[in-house]
Structure formats: C-alpha cells, structure tokens
Amino acid sequence: MPNHATDAVARLREPLALPCGQTLPNRIAKAAMTEGLADARMNATPALETLYRRWSQGGAGLLITGNVQIDRWDLERPGNVVIDGDADRDALARWAAAAKAGGSRVWMQLSHAGRQAPLYCTPRPVAPSPVGLKLLGAYRRPRALTEQGIASVIERFVHAATVARDAGFDGVQIHGAHGYLLSEFLSPITNRRQDAHGGSLENRARLLLAVVRAVRAAVGDDFAIGVKLNSADFQKGGFSNDECIQVVRWLSDCHIDLLEISGGSYEQPRLLGHSGDESQAEAPRASTRRREAYFLEYAALMREAATMPLMVTGGFRSRDAMVAALDSGDTDIIGLGRPLCVDPNFVARLFDGTTAEASDPGADLAYGRGTFGPRSSVSALRFLNIFSQMGWYYMQLMRIGRGLEPDWQMPLSRGLFGHVRAELGAARRIRAFQKQADTLDAE
C-alpha cells in the first residue's frame, strides 16, 4: 500500500483504552442493528452465533448487539432476544463466545421499546405519558408508567446487565436514543409527567441516570458500560441539542466507557439518514450534509462536555472520511451498520488494503422518484420506502445467519415481503409464548 493508505489503516487499527480498563483492539465498531433472529422463547439462537462469528472474523474491534429487550411485553419487534427473569444463559454464552471468536469485544445493547413496541407483538405498551405514535396506526396508545413501574424498569436493566456479564459479554450499551423508553423520558413531547420524572430536564433525565448508576453498581468497575444518546429528537418542542449537552455532562460523572451520539425516532427517522418532516426538524448545518457521518458535527458539540470516549454511527463509507473524523477529535470510534449487512468482511478488507470504501447496494433502492420516492412529502409513501429498505437489510442478516452470503441482487420488494412474512410469523410464535408465560406468572 502507498504511505497514505498505510498511515490511514494504522490510524484505524489503533487500540482504544476505556476507562473501565478494557481495551478495544481497533477504532471500528459494528453498531447495534436489530436482528430479529431470536427463537419463539425469545432466546439467542445458532443463527445469531453464525452472524456474530462472521462479523468478529470480519475485523471490527467492537460488536454491539441489536436490541436485547428487558421486558417480554415491550418489544421493539418480534424476534428480539429478551432477558426477563429466566433466560437461556447457555445460549447467551454461546452467542458471546462466537462474537469474540475473531478477537472482537462484544457488548449487549439493552433496551426497552416503550411506546414504540408494535401492536402485533405488544398489546400493552408503556411510556412516561399516554402519548401515542403518529405512525399509520401500527402502535397502540401507551399507558403511563407508575412509580412502581419505573422502579421495575431500573431493576430489569440491572438484571439484564448482570446476566450479560455472567454470560461472557464484555459490556453493555444502554439504549437511551431513537424514541425508545429512556429516550421518551428525556423528551418533553412524550414526557408530560408532573412528578419527579417530568418537567425539568433534571427530572426527565432522572431515569436514564438512575439506570446507568444502578448498572454500574451491580456489574463492577471493570465491566464496560456504554450509552446511546440522541443528539436531538429533531422535532419541534422535543429533546434539544442544548439539553443533550447537559445530559452528557451528567453522564460524565457516571463512570461510563463510551457514549454513542445518534438522533431521531420512528416519527423522525434521522437515524436512518432520512430527514422526515423537515418543517418539524432542527436543521443540521450545511457542512453536516456534505460529510458522510450524519451526527459527527453534533458529536463535536458534545466533546467539551464529555469526559468519556465518543462513538459516531451513520453514513461512514470511505476510509479517508473515517480517518478524518478520528483526526478531528470529534469521535474516538467509527460505528458501521448497513455496510456490514452486505459485506461482513468489509473491515478486514479495509485493514488489508484491498478496499478503501464500503459498498452499499441497498442504499439506492426505492419505489418511485421525486414526489413519489423515499423523500416524499406523503408520509405513507415515505414510510413504505423506509420500511422496505429496512426489510432488505434484515433479509441480508437472515442470510448471513444461515451461513449464506449476502444477496446484492435481491429486489426491494423481496426484502419487503420477506421481512413482513418473517415478522408476522415471529409475532405469532412470541405471542403464544407471552400468553403461556403470563399464565405461569399468574400461578
């Protein structure tokens, strides 16, 4: 390789020492992406082992799992792994071991879907306040959590974190972004409480900070804890960037090891690179649009408040942009998502110099163009494109989990219908298990 390429690869391969004493072997992380590969009892499966072994052998220094739920009644989607009371700890241990087979560290992302739990797998979602999603009627209006319910949420996060530690995971990432429960408490749009968990930012951040502190107390000082946090909700009247900076200051006192900066929610899907309703969004600076990374400029604003390392995910494709982001000091870890769905060996090829840029054949797939395309002002058309594209990537993960190669030629429609078929089938299976488990709980 020429000197420039050699230097760039060396920069990406630098290890990163974390505050807890662990070291990440390089600066590339596989960011959390929901897999939907759990079994009917919501346990880890051989498919997850195959998928994560492939990613570990593919070179990323850190693998963060997709949503592992802490409550079997509040799922982000059917097919989530769940740690709620008893769990198949042997299956979790096999998953962790597979994810470390190539030398990666592996963290379990812990999440509670809150009001973003779809009606076809969660008949009774909870949230800070009974504020429903404005999204095609696919979600039930949630009920407000009681004080006892809030205490239970904290206990569930702690329980899941200790199970993850005992199963061999190197850390956990607490999901406080993307409109899930902890993020809902942060946002004035979804949190209209009048008690100690509502109103002021200090009150709205109380649950997130309590979860982080309780998990740290339970798992000890040498287990890694990360947090995923919205830079903003990108909705008028929502969780703002200034509020995010203050929450980062508070998190800096909580002994966490990595803060991932993201943004948006189901109603404002900035996390997927879609701006949603621009009239309700906080517009990013023009320079952000010219960069590959959606949230890098927001991470730069966090740097002064953050004492922990930072991670930015979303949009990175080229080696030079990754190196430039690291050199800027705005991030310490580069998060990759969709490129690893279509090329699980991308990081290894980046490191050996056989490529300098990720391929992402699913990025340009869409129904229609212009007014009728993925950025249509008609929410139903916009959602159809987003959902279909998500399904296309989900189908790639399913293929890798079966030991197959990604299919770059897969039509978008196959991604949509394949995903819907798998989703509904998984929903039927988990609803049966939920009812069975609920009956046992009642006894």
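Rule-based calculations on the coordinates, nothing more; no lab input. Note that this is a predicted model, so its numbers are computed, not measured. Counting neighbours? That spans all protein chains shown, and the Cβs are built from the backbone with ideal geometry, glycine included.
Using the Karplus relation 6.51 cos²θ - 1.76 cosθ + 1.60 with θ = phi - 60°, the per-residue 3J(HN,Hα) values for the range 69-83 come to 8, 9, 8, 5, 8, 10, 9, 6, 6, x, x, 5, 6, 10, 10 Hz, with x marking Gly and Pro. Taking one quarter of the surface of the C-alpha convex hull of the chain gives a mean projected area of 19.3 nm². Seen from residue 422, the other residues with C-beta closer than 14 Å to its C-beta sum to a net charge of +4, counting Lys and Arg as +1 and Asp and Glu as -1. Pairs exceeding 21 Å between alpha-carbon atoms, taken from 134/228; 30/228; 30/100: 134/228. What share of Cα pairs, in percent, lie more than 21 angstrom apart in the range 169-257? Cα-Cα pairs in the range 169-257 separated by more than 21 Å: 27 percent. Peptide packing for 239-246, 390-397, 141-148 was compared via the average number of neighbouring C-beta atoms within 10 Å per residue; ordered from the highest value, the list is 390-397, 239-246, 141-148.
A DSSP coil position with no more than 12 other Cβ atoms inside 10 Å describes the following trypsin sites (Lys or Arg not before Pro) in the range 305-396: 369. Compare 415, 401, 353 in a GNM of the chain, Cα atoms joined below 10 Å, and give the one with the largest fluctuation. Of 415, 401, 353, the Gaussian network model singles out 353 as fluctuating most. For residue 173, nonlocal amide neighbours, meaning residues 5 or more places apart or on other chains whose placed amide H falls under 5 Å from its own, are 108, 109, 110, 226. With the helix formula -39500 (n - 2.57) applied to DSSP H stretches of n ≥ 4, the chain reaches a computed 222 nm mean residue ellipticity of -12500 deg cm²/dmol.
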